[in-house]
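A short worksheet on the structure shown next.
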Amino acid sequence: MAEKTVPAAIEFARNNQQRFVEELKDLIRIPSVSTLPEHAADVRRAAEFVAEELRRIGMENVRLIETSEVENSLGHPLVYADWLHAEGAPTVLCYGHYDVQPAEPLDEWITPPFEPTQRDGNLYARGAVDDKGQMWMHVKALESLFATHGGKLPLNIRVLIEGEEEVGGEGIAWFVQNHGDQLRSDLALISDTEMFAPDLPTLCVGLRGMIYTELEVRGARIDLHSGMYGGAAPNPFVALAQIIAKLKDENGRILIPGFYDKVEAPTTDELKAWKALPFDEEHYRQTEVGSPELTGEPGYSVLERTWARPTLDVHGMPGGFIGAGGKTVIPAKGLAKISMRLVPGQVPAETYEQYKSYVESIAPRGVEVTVRLIHSAEPIVVSTDNHYVKAATEAMHEVFGTDTVFVRGGGSIPIVGDFVRELKVPTLMMGFGLPDDNLHAPNEKFHLANFHRGIESIIRFFSAVGA
Ligand code: BES
Ligand code: MN
Ligand code: MN
């Protein structure tokens, strides 16, 4: 059966490549920015768009699952669908997210973020690769199988797509934790990570966790004239700068007491495998980072620093005067958005408590500091010791003609931890993004060859799992 199915489904996918891309563009035109309240209706529209397509291709029980009653959720719906008639075959849970990051700064986009544009074999738009384009690969692989398999699939499928991955919303965690019986599966498939290099099929086997926080510092009662009061009144931004300077030293070491206590090092096998990856640090510095020098902890390679070591970053400091020219004011309050990426061993809630007490202990005189947790995610390493990994590497070998590399990712996908712990399913992160796809940045793109190779890989993988 597999022999017959695979070529037909792949031929179908090849004959429909441009239509698949055009449909993806329609989805991308919906600006489903989950963090911005003014886009809430767009987020819902994107959910409905995806649900409608799942219905059209032949999926069953398609529905939006509401999350508005869930604590720590923005109320963006989940999209669920299933097709469970392949008796005796395994069930795959396909996960993706239809929400996107904000597109700002808008003036750095060559073409507008929500007007998807094809250029040099790439599709440029917010969400092109993270994650609308990658989630669409799953949908189009399923469509290709339905269309060439008499309206059936060779395996059982459940689809769960969320709308608040990019804000760490807990709607999906609530559903997984309380309705796991509705998600019973043999494995989870996620396409929301990157390939290590062009043409190099990649499975991601670990993600960093995170805690995202805000520090609010209040000084004076109201904004003050900096000439009249400067010297006597405290300045919240100076206070924030003093706090931040004590969080991390010039060698990239985080100074929060106890922060590293539970950090688990990667295995020697993993470290050996990472050393063998084709990685050119100078090329990475120039083309991906573009800074005069790389920073971070001495004694750790760049891959270790970004995959297996925790870190701390400041994302923005809203408040005060940020217009053109000068305004001589002492702002009454200042804010800093600060996150930490965590690695296996670290527990987000514990790290947050360590951070909070430390910040409170170093708060400068004259200001009031409030520490808030915005969202968090568990670090995760998944097992590669199952036959689905082998099926995936074989599927990608047929498409790419080369062996798969195993990497970790420095980013976070909060729900993966719950898939592993709550649903207890092997989880496969088979992503087709590229390191220079500009995730979360201006001019995000998806290399369309990878969109199509991704669809073919998933078709082959599903066929092998169902055979
Ligand atoms: N797809 C990314 C995560 C990712 C990117 C993993 C590259 C591995 C390699 C995801 O959409 C993402 O950006 N997640 C956020 C989660 C956070 C807001 C809770 C992140 O990592 O910042
Ligand atoms: Mn993503
Ligand atoms: Mn993202």
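The values are calculated or read from the model by the stated rules, or taken from the named source; none is laboratory data. Please read all numbers here as calculations on a predicted model, not as lab measurements. Cβ sites come from the backbone with ideal geometry, for glycine too, and all protein chains shown count toward neighbours.
Structure notes:
- Ala125 within 16 Å of ligand 2 (Cβ to nearest atom), more than 24 Å from Asp418 (Cβ to Cβ) and at pLDDT 95 or above: yes
- Residues that are modelled with pLDDT under 95 and either over 21 Å from Glu165 (Cβ atoms) or not assigned by TED's automatic domain parsing to the domain that holds Gln101 (or both) number at least 1 in the following helices (runs of 4 or more DSSP H) confined to segment 1-80: 2-15.
- When we screen Val50, Val43, Val62 for residues that are out of contact with any Pro (no Cβ under 9 Å at 6 or more places or on another chain), of a type in the set (Val, Ile, Thr) and touching a residue at least 24 places away in the same chain (Cβ under 8 Å), the only hit is Val50.
- Some residue of segment 182-196 being among the β-branched types (Val, Ile, Thr) and more than 14 Å from ligand 3 (Cβ to nearest atom): no
- All positions within segment 329-353 that are among the small types (Gly, Ala, Ser) and touching a Gly at 6+ places or on another chain (Cβ under 7 Å): Ala332, Gly334
- Whenever a residue of segment 188-213 is over 21 Å from Met135 (Cβ atoms) and touching a residue at least 40 places away in the same chain (Cβ under 8 Å), its partners that are within 13 Å of ligand 3 (Cβ to nearest atom) and hydrophobic (A, V, I, L, M, F, W, C), lying with C-beta atoms within less than 7 angstrom and at least six residues away or across chains, give the pairs Gly209/Ala377; Met210/Ala377.
- Taken over segment 313-328, the criterion of being part of a strand (DSSP E or B) and surrounded by fewer than 14 Cβ atoms within 10 Å (Cβ to Cβ) is satisfied by Asp313, His315, Gly316.
- Note on segment 401-443: residues that are of a type in the set (S, T, N, Q), within 16 Å of ligand 2 (Cβ to nearest atom) and in contact with a helix residue (DSSP H, G or I) (Cβ under 7 Å, 6 or more places away or on another chain) amount to 1.
- For Gln17, the conditions (1) buried (at least 16 other Cβ atoms within 10 Å of the Cβ); (2) within 22 Å of Asp130 (Cβ to Cβ) all hold with the exception of (1).
- In segment 133-145, the condition of being touching a His at 6+ places or on another chain (Cβ under 8 Å), more than 13 Å from Ile57 (Cα to Cα) and within 16 Å of ligand 1 (Cβ to nearest atom) is met by at least one residue.
- Scanning segment 366-384 for any residue that is over 22 Å from the mean Cα position of the chain (by Cα), surrounded by 20 or more Cβ atoms within 10 Å (Cβ to Cβ) and either more than 16 Å from ligand 2 (Cβ to nearest atom) or modelled with pLDDT under 95 (or both) turns up at least one such residue.
- Counting only residues that are surrounded by 18 or more Cβ atoms within 10 Å (Cβ to Cβ) and of a type in the set (A, V, I, L, M), segment 90-113 holds 4 of them.
- Number of the exception - Arg365 against (1) farther than 21 Å from Val263 by Cα; (2) within 16 Å of ligand 1 (Cβ to nearest atom); (3) among the charged types (D, E, K, R): (2)
- Where helices (runs of 4 or more DSSP H) sit wholly within segment 155-258, those with at least 1 residues that are outside the structural domain of Asn450 (by TED's automatic domain parsing) and surrounded by fewer than 16 Cβ atoms within 10 Å (Cβ to Cβ) occupy 226-229, 236-245.
- Summed over segment 154-189, residues that are over 14 Å from Thr67 (Cα atoms) and of a type in the set (Gly, Ala, Ser) total 3.
- Test: residue in segment 296-309 that is more than 24 Å from Ile380 (Cβ to Cβ) and among the acidic types (Asp, Glu): no
- Flag if Glu104 is within 16 Å of ligand 1 (Cβ to nearest atom) and free of Cβ contacts under 8 Å to residues at least 12 places away in the same chain: yes
- Of the numbered criteria (1) over 17 Å from Leu24 (Cβ atoms); (2) modelled with pLDDT of 95 or more; (3) over 19 Å from the mean Cα position of the chain (by Cα), the one Ala449 fails is (1).
- Here Arg285 fulfils each of the conditions (1) free of Cβ contacts under 8 Å to residues at least 12 places away in the same chain; (2) surrounded by 15 or more Cβ atoms within 10 Å (Cβ to Cβ); (3) part of a loop (DSSP other than H, G, I, E, B) apart from (3).
- Residues of segment 146-195 that are β-branched (Val, Ile, Thr) and within 16 Å of ligand 1 (Cβ to nearest atom): Ile161, Val167, Ile172, Val176, Ile190, Thr193.
- Candidate set from segment 296-312 (those that are on the phi < 0 side of the Ramachandran plot and either in a strand (DSSP E or B) or exposed (fewer than 11 other Cβ atoms within 10 Å of the Cβ) (or both)); member that is farthest from the chain's Cα centre (by Cα): Pro298
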